[in-house]
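Visitor: Take a look at the following structure, please.
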Amino acid sequence: MAIKRFLSHPKIVQCRRMAIPFLRLTWKSLRYTLHRLWILARWTLRTWWRLPPLLKWGKFAVVILLIIGMFSYGNIRNWMHYRDVYSNYYAHFHEEYIKTQSPYLADYYADYYAEFYAKYYSSASYREMLKYALPSATSETVAFPLNSPIAKREINSAGLELIKSFEGLRLEPYEDAGGKLTIGYGHLIKPGEYFTAITEEEAHALLREDVRVAEAYVKRYVHVKLNHNQFSALGSRGYNIGPGNFRNSTMLTLLNMGKGDRAASEFPRWNKVGTTTLRGLTRRRLAEQSLFES
């Protein structure tokens, strides 16, 4: 009886109605593909010895090239992307180094850094990283509903100082704990951005630009009223974990349900890079929780 009640639940019935046609279509497509492949293989075996040598080996070569093409398309696309990034960075760095170095050293340094950036931006880990990284400040990323109850909120000085203290100031590019190439106060360096060294004022300008994006995502996804400290704590958290993690977090769900106390208890959970717990992230989450509750 329990199984019947479970299967008759409206959501289960809806899932069954959606899944069965999909599985049926998938099975038919797979069966059709396998059938066609079998016909092609059988025809090839039957006619192989009857064909002239040129057609025989020509058809064999076409099949081999098709198989290689299926597996190499992605590699070719990645190689083209690698070459584009390399060319752009090589031209930029060579133009900079030729001003102060000999042609040989300018070529050497330009090639070294261009290859480094090309490998980094072409890697699968970087593409995965971009799914959750804070994007650049554009008209789309800084947009939010104007009728949001927190539309006029901004990260206050306490929130900015919290971000600065935990991100730290680095005036040259470096890799953070997650392997992301960053500069300034944790600004992710994206393709087309060229940094060898910046000033503290430039680092602050990059921070303000990134903070605008973090603020916009909080305003876009949070549907309840927040005070300045709560908004700033969430902005600091969003700045650190990215909009993807922020949007899909249990904290956001609890917050929009009006359960602010339970939402605050979610801060300490986000203290890992992969499966490794970092003390610095633990201290940051506790500081953000303290700001949220103050």
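The values are calculated or read from the model by the stated rules, or taken from the named source; none is laboratory data. Not measured: the values here are computed from a predicted model. Reconstructed Cβ throughout: ideal geometry from the backbone, glycine too, with neighbour counts over all protein chains shown. Quick note on the areas: whole protein, heavy atoms, side chains included, nothing else; ligands and nucleic acids left out. Shrake-Rupley method; radii C 1.70, N 1.55, O 1.52, S 1.80 Å.
Visitor: For the range 184-244, just list the percent of Cα-Cα distances falling in each 5 Å bin from zero outward, please.
Guide: Using 5 Å bins, I get a P(r) of 4, 16, 26, 21, 15, 10, 5, 2, 0 for the range 184-244.
Visitor: While we're looking at this one, here's another question. Mind checking the per residue accessible area of the range 123-201 for me, 1.4 Å probe, whole number of Å²? Walk me through the numbers before you get to the answer.
Guide: Values: 4320 Å² over 79 residues.
Each residue of the range 123-201 exposes 55 Å² on average to a 1.4 Å probe.
Visitor: Which trypsin sites (Lys or Arg not before Pro) from the range 173-228 combine a DSSP loop assignment with at most 13 other Cβ atoms within 10 Å?
Guide: Answer by residue number: LYS225.
Visitor: If you don't mind, another one. At what distance in angstrom do the alpha carbon centres of the range 185-245 and the range 70-121 lie from each other?
Guide: Spelled out, the Cα-based centre of one part sits 29 Å from the other.
Visitor: A further question follows. With the alpha-carbon atoms as the only input, what is the per residue convex hull volume for the range 58-204 in Å³?
Guide: Working: hull volume 27.3 nm³, N = 147.
Residue-normalised Cα hull volume stands at 186 Å³.
Visitor: Continuing with this model, one more query. What list of ³J(HN,Hα) couplings, whole Hz, do you get for the range 180-185 from phi and the Karplus terms 6.51, -1.76, 1.60, once you set θ to phi - 60° and write x for glycine and proline?
Guide: Computed from phi, the couplings for the range 180-185 are 8, 7, 10, 7, x, 8 Hz.
Visitor: Okay, next question. Counting Lys and Arg as +1 and Asp and Glu as -1, what is the net charge of the other residues whose Cβ lies under 15 Å from the Cβ of LEU34?
Guide: Values: positive: LYS28, ARG31, ARG36, ARG42; negative: none.
So the environment of LEU34 carries a net charge of +4.
Visitor: Now for a separate question. Please list 3J(HN,Hα) in residue order for the range 127-138, calculated via the Karplus relation 6.51 cos²θ - 1.76 cosθ + 1.60 where θ = phi - 60°; whole Hz, with x for glycine and proline.
Guide: 4, 5, 4, 5, 5, 10, 6, 5, x, 5, 7, 10
Visitor: What would the Debye equation give as log₁₀ I(q)/I(0) for the range 141-294 at q = 0.10 Å⁻¹, counting only Cα atoms as equal point scatterers?
Guide: After summing over all Cα pairs, the log10 values are -0.34.
Visitor: Okay, moving on. Mind ordering 278-284, 171-177 by average Cβ neighbours within 10 Å, highest first? Provide the component values of the computation, followed by the final result.
Guide: Numbers: 278-284: 14.7, 171-177: 13.1.
Going by the mean number of other Cβ atoms within 10 Å, highest first, we get 278-284, 171-177.
Visitor: Oh, and also: Just order 35-41, 132-138 by mean Cβ neighbour count inside 10 Å, highest at the front, would you? Please report the intermediate quantities before stating the final value.
Guide: Working: 35-41: 10.1, 132-138: 16.6.
Highest-to-lowest ranking by the protection proxy: 132-138, 35-41.
Visitor: Express the carbon and sulfur contribution to the solvent-accessible surface of the range 124-189 as a percent, rounded to the nearest whole number, probe 1.4 angstrom. The partial results should precede the final answer.
Guide: Values: 1810 of 3530 Å².
With neighbouring chains kept in place, the figure for the range 124-189 is 51 percent.
Visitor: Where a Cα-Cα gap under 18 Å defines reach, which aspartates and glutamates qualify for LYS219, not counting those fewer than 8 residues away within the same chain?
Guide: Output for LYS219: GLU140, GLU154, GLU209, ASP210, GLU288.
Visitor: Return the inverse of the average 1/r over all pairs of distinct C-alpha atoms in the range 142-182, which is the Kirkwood hydrodynamic radius, in Å to one decimal. Spell out each step's value before the answer.
Guide: Details: mean 1/r = 0.0766 Å⁻¹.
It works out to 13.1 Å.
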